[in-house]
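Visitor: Mind having a look at this structure? Questions to follow.
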Amino acid sequence: MSKPKMQFRVLGAVLGAAAAFAGQRVATAGWHTVTGEEPPDPSDPTVSPVKAYAWSIGSTLLLGTLALLVQRFVATRSSAAADELGAG
């Protein structure tokens, strides 16, 4: 594997981890702002199904969107770097 390709894989992993961490914090803060409560534990049988589904769907959509944005960002940068190196 070429060095630039490996660098972009590492960049993608680091940015992905940072986005997941930040996304989880944003999702938690958003839930707290909207409901005034801590996010529910969907596996807790005492949590209402509506709250469990809302938290699961909302946080998954946010984190999935962030993951997609990171993947597209890294792919765009990787492609531009490959073009600069004449490998495109």
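Visitor: Might you tell me the accessible area per residue for the chain, computed with a 1.4 Å probe and given in Å²?
Guide: Per-residue accessible area for the chain comes out at 72 Å².
Visitor: At a probe radius of 1.4 Å, what is the per-residue accessible area of Arg77, in Å² to the nearest 10?
Guide: Probe radius 1.4 Å; accessible area of Arg77 about 110 Å².
Visitor: Could I ask something else about it? Give the residue from His32, Ala13, Trp55 lying farthest towards the positive end of the charge dipole for the chain; charges sit on Cβ (+1 for Lys and Arg, -1 for Asp and Glu) and the dipole is referred to the Cα centre.
Guide: Sorting the options by dipole projection puts first Ala13.
Visitor: Let me ask another. What angle, in degrees between 0 and 90 and rounded to the nearest 10, separates the Cα long axis of helix 3-35 from the longest principal axis of the Cα atoms of the chain?
Guide: Helix 3-35 sits roughly 20 degrees off the main axis of the chain.
Visitor: With an 8 Å cut-off on Cα pairs and a minimum separation of 6 or more residues, tell me the relative contact order of the chain in percent. Could you put the intermediate results ahead of the total?
Guide: Values: 52 pairs, mean separation 32.3, N = 88.
For the chain, the relative contact order is 37 percent.
Visitor: As I understand it, the value is the acute angle between the Cα axis of helix 49-85 and the longest principal axis of the Cα atoms of the chain; what does it come to in degrees, rounded to 10?
Guide: Computed tilt is about 10 degrees.
Visitor: Now for a separate question. About the Cα centre of the chain, what is the dipole size in debye to 20, counting +1 per Lys and Arg Cβ and -1 per Asp and Glu Cβ, all else neutral?
Guide: 420 debye
Visitor: Still on this structure: From the gyration tensor of the Cα coordinates in the chain, what semi-axes in whole Å does the equivalent ellipsoid have, largest first, with each one equal to sqrt(5λ)?
Guide: Taking √(5λ) for each eigenvalue gives 38, 11, 10 Å, largest first.
The values are calculated or read from the model by the stated rules, or taken from the named source; none is laboratory data. Quick caveat, the model's predicted, so the values are computed rather than measured. So basically every Cβ, Gly included, is an ideal-geometry build from the backbone, and we count neighbours across all protein chains shown. We work out accessible area using only protein heavy atoms, side chains counted, and drop any ligands, DNA or RNA first. Shrake-Rupley method; radii C 1.70, N 1.55, O 1.52, S 1.80 Å.
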